[in-house]
Amino acid sequence: MANRWFQQYVFGLEKYPVRLQFKLQATGTQTGNSPQTIVRAKGLTSVTAAATGLWTLTLDDAYNALLGYDVGFQSKDGATAPLNVDAFVLSETVASTKTIVVQLLGGTNGSTATAPAANDIVFIELVLSNSSAV
């Protein structure tokens, strides 16, 4: 598991929870190795895209389990409405290959693959377990 000096004194029932927060800036590229520029993301190795809005997040370290996640958006200019989509975790292998596959879906019925516009900001928070104890 991750061998780092994490901040302590988290009050909760999970043993050794880890919160990772990422701030990414969309590049406008929908597929390939750089759909996002990593602005600030301790613990994140890379973000790649297999298709529009289908991202693979690769973490620096392995963790026992993914406990939760949250994704938010900020518009590039502050004047237009931010992206209105839902983010779904399609698969995760944080204990072995250190990856999480996320699909962004939007549109009128929430079923259209969607990606943020160039320069939009994407905020991601992951809650992971760094312990096998339950």
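Only the coordinates and a few stated rules stand behind these numbers; no lab work does. Computed from a predicted structure; not experimentally measured. No Cβ is skipped: glycine too gets one built from the backbone with ideal geometry, and neighbour counts run over all protein chains shown.
Brief remarks follow.
- Placing dummy labels 7 Å off each Cα toward the beta-carbon, the span from Phe88 to Lys15 is 3.4 nm.
- Residues whose amide H lies under 5 Å from that of Tyr69, counting only those 5 or more places away or on a different chain, are Val127; hydrogens are built 1.01 Å from N in the peptide plane.
- For the peptides 89-98, 118-127, the ranking by packing is 118-127, 89-98, with the highest mean count of neighbouring Cβ atoms within 10 Å listed first.
- Subtracting the Cα-Cα distance of Leu105 and Asp77 from 0.36 nm times their residue separation leaves 7.9 nm of extension gain.
- Relative contact order [Cα under 8 Å, 6+ residues apart], the stretch 17-129, whole percent: 35
- Here each label is just a point 7 Å from Cα along the line to Cβ, and for Thr112 and Gln30 those points are 1.1 nm apart.
- Restricting the calculation to alpha carbons of the stretch 17-129 gives Rg and Dmax of 13.3, 42 angstrom.
- Applying 1/(1 + (r/R0)^6) with R0 = 30 Å to the Cβ-Cβ distance of Ala65 and Lys42 gives a FRET efficiency near 0.95.
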